[in-house]
Amino acid sequence: MRGFRFSDYKPGDTPKGGFDELLKLFSELLNYTAGDAAEALSWLNELDKQYKLTNNDYGIGNFIDDLKDKGYLTEDNQSGEFKITAKTEQTIRKSALDEIFGKLKKSGRGNHNSSQSGIGEEKNADRREYNFGDSLDQIDMTASIQNAQINHGIGDFTLTDRDLEVEEKDFKTLTSTVLMIDISHSMILYGEDRITPAKKVAMALAELIKTKYPKDTLDIVVFGNDAWPISVKDLPYLQVGPYHTNTYAGLELAADLLRRRKTHNKQIFMITDGKPTCLKENGKYYKNSMGLDRKVINKTLNMAAQCKRLKIPITTFMIAKDPYLQQFVRQFTEINGGRAFYSSLNGLGEYIFEDYIKNRRKTVK
């Protein structure tokens, strides 16, 4: 049997400055620069000066040339401006997926297992007798022949419908998800960058769905003073603005998007760090950042109740620890019948991954 051979770890044995190593770092820096390639390269150059990331054979200039040659970067001939390409955007998503969820292999047909068995898509361990109407591909012929030999003997082989054994199959469910991301100004206040982890989670979730659950749908909604949908390719460039938090508008748009989906399973994931502080009425903004404004809160809670009537559970990921905010989230969650996590930035991705994969709220019709 082949075993493992261990040796002492020597840091000096690790190669420096290769394209792959620099690409990983460059992709990470792009998350913090909102997709600004020139700024990310500038940061990379400073990191190289400080930590000697490259060597005499391969420098940052070589890396930039390779980025262009391999299709990760384009340069405007007149202005000299660098821009990342769709290939780089996909690389960032895959990097986020690997970082947050680990390396996941692609699966063929995919959706979420349900607790019901019958004429489904994936075989399970359950067996039963044949019933009229069962499809032929459900019959376990090996087990059925064995049953016939036991029941009738092997001298005069006979196979009846009572000998047939059927394999049960699990149903698969399709899930439509809207991920809401708070882009209000508080997402970068107090020296804490909260928008970058939120972006990483969104990119990882998008890549997960594309590779493992291709039949599921994911819509992304950002909300500040207003709410609007963005595409997956826009995520690396997402930034916060001088906005208040119009949670009501985000929920209203998310519910409208899910109404158009023909799937039975629908859900909203909402990442936020603060309280609702804004509404839009008759073309004007109503704002109040001082505490919990009764008018804003009541309308937001009414929207949570409306989502419940539409059978759309909301899972809230609150990345803030203020007791009065947590009290609001508890009330919001109780009215909607959803779930709430008071998550740190480090654990945000794992929480969302676990909740999405388990998909505890399943209906099969």
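The values are calculated or read from the model by the stated rules, or taken from the named source; none is laboratory data. Note that the structure is predicted; figures quoted are calculated from it, not measured. Using ideal geometry, Cβ is built from the backbone for each residue, glycine included, and neighbour counts are taken over all protein chains shown. Ligands, DNA and RNA are excluded from the accessible area calculation, which covers all protein heavy atoms including side chains. Shrake-Rupley method; radii C 1.70, N 1.55, O 1.52, S 1.80 Å.
Could you list all residues from the stretch 166-221 that are open to solvent by 10 Å² or more (accessible area, probe 1.4 Å), under 30 Å from residue 289 (Cα atoms) and among the hydroxyl-bearing types (Ser, Thr, Tyr)?
Those that are open to solvent by 10 Å² or more (accessible area, probe 1.4 Å), under 30 Å from residue 289 (Cα atoms) and among the hydroxyl-bearing types (Ser, Thr, Tyr): 186, 190.
Which members of the stretch 65-90 meet the condition of being in contact (Cβ under 8 Å) with a residue 12 or more places away in the chain, under 15 Å from residue 38 (Cβ atoms) and over 29 Å from the mean Cα position of the chain (by Cα)?
Listed by number, the list holds a single entry, 81.
Considering each residue of the stretch 176-197, count those that are modelled with pLDDT under 90 and either under 17 Å from the mean Cα position of the chain (by Cα) or outside the structural domain of residue 263 (by the TED database) (or both), and give that number.
2
Yes/no matrix, rows are residues, columns are (1) out of contact with any Asp or Glu (no Cβ under 9 Å at 6 or more places or on another chain); (2) β-branched (Val, Ile, Thr):
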position	(1), (2)
165	no, no
175	no, yes
181	yes, yes
206	yes, no
217	yes, yes
245	no, yes
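Going through the stretch 75-89 one residue at a time, which ones are open to solvent by 70 Å² or more (accessible area, probe 1.4 Å) and either closer than 27 Å to residue 206 by Cα or in a helix (DSSP H, G or I) (or both)?
83, 86, 87
Show the residue pairs meeting these rules: Cβ distance below 7 Å; 6+ apart or different chains; first residue within the stretch 312-325 and farther than 15 Å from residue 341 by Cβ and in contact (Cβ under 8 Å) with a residue 40 or more places away in the chain; second residue open to solvent by less than 10 Å² (accessible area, probe 1.4 Å) and among the aliphatic types (A, V, I, L, M).
312/255; 312/258; 312/268
Could we say that residue 57 is at pLDDT 90 or above, acidic (Asp, Glu) and touching a strand residue (DSSP E or B) at 6+ places or on another chain (Cβ under 9 Å) here?
No; evaluated as a whole, the condition is false for this residue.
For the condition hydroxyl-bearing (Ser, Thr, Tyr) and either at pLDDT 75 or above or open to solvent by less than 30 Å² (accessible area, probe 1.4 Å) (or both), what is the one hit in 107, 114? If you could, list the steps in order and put the result at the bottom.
Values: 107 fails: either at pLDDT 75 or above or open to solvent by less than 30 Å² (accessible area, probe 1.4 Å) (or both).
The unique qualifying residue is 114.
For the stretch 305-323, indicate whether the set of residues that are small (Gly, Ala, Ser) and closer than 24 Å to residue 202 by Cα is non-empty. Write out each step before concluding.
Looking only at the stretch 305-323, we keep the residues that are small (Gly, Ala, Ser), and these are 305, 320.
Checking the rest, the ones that are also closer than 24 Å to residue 202 by Cα come to 320.
Yes; the residues of the stretch 305-323 include at least one that is small (Gly, Ala, Ser) and closer than 24 Å to residue 202 by Cα.
Does residue 293 satisfy being open to solvent by less than 80 Å² (accessible area, probe 1.4 Å), acidic (Asp, Glu) and without any contact (Cβ under 8 Å) to a residue 12 or more places away in the chain?
Details: open to solvent by less than 80 Å² (accessible area, probe 1.4 Å): yes; acidic (Asp, Glu): yes; without any contact (Cβ under 8 Å) to a residue 12 or more places away in the chain: no.
Answer is no for this residue.
Picking from 314, 335, 297, which residue would you name as being out of contact with any Asp or Glu (no Cβ under 9 Å at 6 or more places or on another chain), at pLDDT 90 or above, over 28 Å from residue 175 (Cβ atoms) and assigned by the TED database to the domain that holds residue 254? I'd like the intermediate steps shown before the answer.
Details: 314 fails: over 28 Å from residue 175 (Cβ atoms); 335 fails: over 28 Å from residue 175 (Cβ atoms).
Unique residue meeting the criteria: 297.
Can you tell me which residue is surrounded by the most Cβ atoms within 10 Å (Cβ to Cβ) among those in the stretch 256-281 that are of a type in the set (A, V, I, L, M, F, W, C) and more than 23 Å from residue 319 (Cβ to Cβ)?
Here is the first cut: in the stretch 256-281, the ones of a type in the set (A, V, I, L, M, F, W, C) are 257-258, 268-271, 278-279.
Within this subset, residues satisfying the condition of being more than 23 Å from residue 319 (Cβ to Cβ) are 257-258.
Details: 257: 18, 258: 21.
Per the stated criteria, the residue is 258.
Evaluate the stretch 230-240: report whether one residue or more is touching an Asp or Glu at 6+ places or on another chain (Cβ under 9 Å), open to solvent by less than 30 Å² (accessible area, probe 1.4 Å) and over 27 Å from residue 311 (Cα atoms).
Scanning the stretch 230-240, I find at least one residue that is touching an Asp or Glu at 6+ places or on another chain (Cβ under 9 Å), open to solvent by less than 30 Å² (accessible area, probe 1.4 Å) and over 27 Å from residue 311 (Cα atoms), so the answer is yes.
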